[in-house]
Amino acid sequence: MYDEELLERSMHPEFRGEMDGVEPILLFNASCGDELKVYLKVSRGVVVDGKFTGKGCAIALASADTFIASIKGKTIEEAREMSEEFSKMVIGEKYSVDKLGKARCLSCVSRMPARVKCAKLAWESLDKLA
C-alpha cells in the first residue's frame, strides 16, 4: 500500500534529530496522536537546514523527513508554494509534480483521506514561521 521510499523514510529518516540554536516548532495531530518538533534554520529567507523529532505513524514521520529534504535550499516563499502543491496532492486534486521534490513519495495518501492530517503535519510548520 505504501510507496517504498515512504516506508524507508519512516524507518530510517535522514533528517531526524535536534538542532542547537534553533527554536523548535511544536506540532500535534489530535486525530492520530502524531507529535512533532520541527527545527528550521533560516538565513536571509532561505531554509538552510532542518531536522525533526517526535513520534507518529509512518506517514507523519516520512512526511516530516521528505518535507525537510524538499524545502532545504529553498526560499520560504518557494517552500510555501511547495506546501500548497503538497496539500493538493494528498487530497487528490491536480498538482504540479515538478514542484514537489522528494515529497512525491506521499502521493498514495490521496487514497487514504483519514491520513491527510498525518501527511500535512510537518508542512504546517511553515505557517508558524515568524
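The values are calculated or read from the model by the stated rules, or taken from the named source; none is laboratory data. Quick caveat, the model's predicted, so the values are computed rather than measured. Glycine gets a Cβ as well: all are built from the backbone with ideal geometry, and neighbour counts include every protein chain shown.
Per-residue answers, yes or no, for (1) surrounded by fewer than 22 Cβ atoms within 10 Å (Cβ to Cβ); (2) modelled with pLDDT of 95 or more; (3) β-branched (Val, Ile, Thr):
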site	(1), (2), (3)
79	no, yes, no
87	yes, yes, no
93	yes, yes, no
100	yes, no, no
106	no, no, no
112	yes, no, no
125	no, yes, no
129	yes, no, no
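Of the set (1) loosely packed, with under 15 Cβ neighbours inside 10 Å; (2) within 19 Å of residue 10 (Cα to Cα); (3) touching a residue at least 40 places away in the same chain (Cβ under 8 Å); (4) of a type outside the set (S, T, N, Q), all apply to residue 55 but (3). Return yes or no: is residue 62 within 12 Å of the chain's Cα centre (by Cα), at pLDDT below 95 and either not in a strand (DSSP E or B) or not β-branched (Val, Ile, Thr) (or both)? Against the criterion (within 12 Å of the chain's Cα centre (by Cα), at pLDDT below 95 and either not in a strand (DSSP E or B) or not β-branched (Val, Ile, Thr) (or both)), residue 62 qualifies. Do we find a residue being without any contact (Cβ under 8 Å) to a residue 24 or more places away in the chain and either in a helix (DSSP H, G or I) or among the charged types (D, E, K, R) (or both) anywhere in the stretch 69-76? No: zero hits.
Selection of the stretch 1-48 for residues being closer than 15 Å to residue 123 by Cβ and either basic (Lys, Arg) or surrounded by fewer than 15 Cβ atoms within 10 Å (Cβ to Cβ) (or both) yields 9, 26, 28, 37. Restricting attention to the stretch 4-46, the residues being within 13 Å of the chain's Cα centre (by Cα) and not in a strand (DSSP E or B) number 6. I need every pair where a residue in the stretch 13-24 that is under 17 Å from residue 128 (Cα atoms) and modelled with pLDDT of 95 or more has its Cβ under 6 Å from the Cβ of a residue that is not in a loop (DSSP other than H, G, I, E, B) and not charged (D, E, K, R), sequence separation at least 6 or different chains. Note: pairs meeting the criteria are 22/39; 24/39.
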